[in-house]
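Contents: one structure, followed by commentary.
The values are calculated or read from the model by the stated rules, or taken from the named source; none is laboratory data. Because the structure is a prediction, the values reported are computed rather than measured. Backbone-built Cβ (ideal geometry, glycine too); neighbour counts: all protein chains shown.
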Amino acid sequence: MSKDITQEFQSHLNSSIRRFSSGATRDTSLNKPSYSGYLDSRVIERFGQYMLKHQTQSDGSLRPPDNWKKGIPLDVYFDSLFRHFVELWKMHEYCREYAGDNLEEVLCAIMFNTMGYLSEILKAKNALQMETPSSGTQQAPGD
């Protein structure tokens, strides 16, 4: 952690409200996710390049960037994830120094399939939570 982040974190432990020199106040960020701390901007940028490259389908047509959110069966994600994992495994064991950009492609493919699989799990979980226990009908979000 940088010195500023460490000092800010320590000040959060001592107060439930942040007070700025301007007079503005904000709740502490304690117990809130720090996405910029959890993720690496270089990895996100490289993943975006991977996704842009793969927007072009084998027939040359372009799919929307969020096409995968329409839903892909878990078995499809799993099979693809496992194929790419085996590629990574072979690179790791036998040709790490020669893998180069292909290693990045494989890691991005693993990220895509992992996130897609998790997205499907979370969608199903959310759908179950939206059903009322008694009638089986769906509730509106926030009800």
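How many residues, within the stretch 29-56, are under 12 Å from the mean Cα position of the chain (by Cα) and not hydroxyl-bearing (S, T, Y)?
Result for the stretch 29-56: 6.
Within the stretch 36-66, work out how many residues are over 16 Å from A109 (Cβ atoms), in a helix (DSSP H, G or I) and not basic (K, R).
5
Can you find a residue that is aliphatic (A, V, I, L, M) and in contact with a Leu (Cβ under 7 Å, 6 or more places away or on another chain) anywhere in the stretch 109-120?
Of the residues in the stretch 109-120, the ones aliphatic (A, V, I, L, M) are 109-111, 115, 118.
Restricting the remaining residues to those that are in contact with a Leu (Cβ under 7 Å, 6 or more places away or on another chain) gives 110.
Scanning the stretch 109-120, I find at least one residue that is aliphatic (A, V, I, L, M) and in contact with a Leu (Cβ under 7 Å, 6 or more places away or on another chain), so the answer is yes.
Could you list all residues from the stretch 49-78 that are over 18 Å from Y117 (Cα atoms) and surrounded by 10 or more Cβ atoms within 10 Å (Cβ to Cβ)? Talk me through it step by step, then tell me what you get.
First, pick out the residues of the stretch 49-78 that are over 18 Å from Y117 (Cα atoms): 49, 52-53, 55-64.
Of everything in the stretch 49-78, those that are over 18 Å from Y117 (Cα atoms) and surrounded by 10 or more Cβ atoms within 10 Å (Cβ to Cβ) turn out to be Q49, L52, K53, Q55, T56, Q57, R63.
What pairs come out if I take residues in the stretch 19-40 that are outside the structural domain of M111 (by TED's automatic domain parsing) and pair them with residues that are surrounded by fewer than 10 Cβ atoms within 10 Å (Cβ to Cβ) and in a loop (DSSP other than H, G, I, E, B) whose C-beta lies under 6 Å away, six or more apart or interchain?
T28/S16
Restricting attention to the stretch 39-79, report how many residues are touching a strand residue (DSSP E or B) at 6+ places or on another chain (Cβ under 9 Å) and closer than 20 Å to I121 by Cβ. Before the answer, list the steps.
First, the residues of the stretch 39-79 that are touching a strand residue (DSSP E or B) at 6+ places or on another chain (Cβ under 9 Å): 55-56, 62-63.
With closer than 20 Å to I121 by Cβ added as a condition, the list becomes none.
Residues meeting the conditions: 0.
Can you pull out every residue in the stretch 82-116 that is under 17 Å from K69 (Cβ atoms) and surrounded by 18 or more Cβ atoms within 10 Å (Cβ to Cβ)? Even if it seems obvious, please write down each step before you answer.
Restricting attention to the stretch 82-116, the residues satisfying the condition of being under 17 Å from K69 (Cβ atoms) are 111-116.
Across the stretch 82-116, the qualifying residues are M111, F112, N113, G116.
Of the conditions (1) modelled with pLDDT under 95; (2) aliphatic (A, V, I, L, M); (3) more than 16 Å from L103 (Cβ to Cβ), L52 fails just one. Which one is it?
(1)
Any idea which residue in the stretch 86-116 is farthest from the chain's Cα centre (by Cα), counting only those that are of a type in the set (A, V, I, L, M, F, W, C) and over 20 Å from I72 (Cα atoms)? Steps first, please.
Let us first name the residues in the stretch 86-116 that are of a type in the set (A, V, I, L, M, F, W, C), namely 86, 88-89, 91, 95, 99, 103, 106-112, 115.
Narrowing further to those that are over 20 Å from I72 (Cα atoms): 86, 88-89, 91, 95, 99, 103.
Values: V86: 22, L88: 20, W89: 22, M91: 24, C95: 28, A99: 24, L103: 19 Å.
For the stretch 86-116, the residue satisfying everything is C95.
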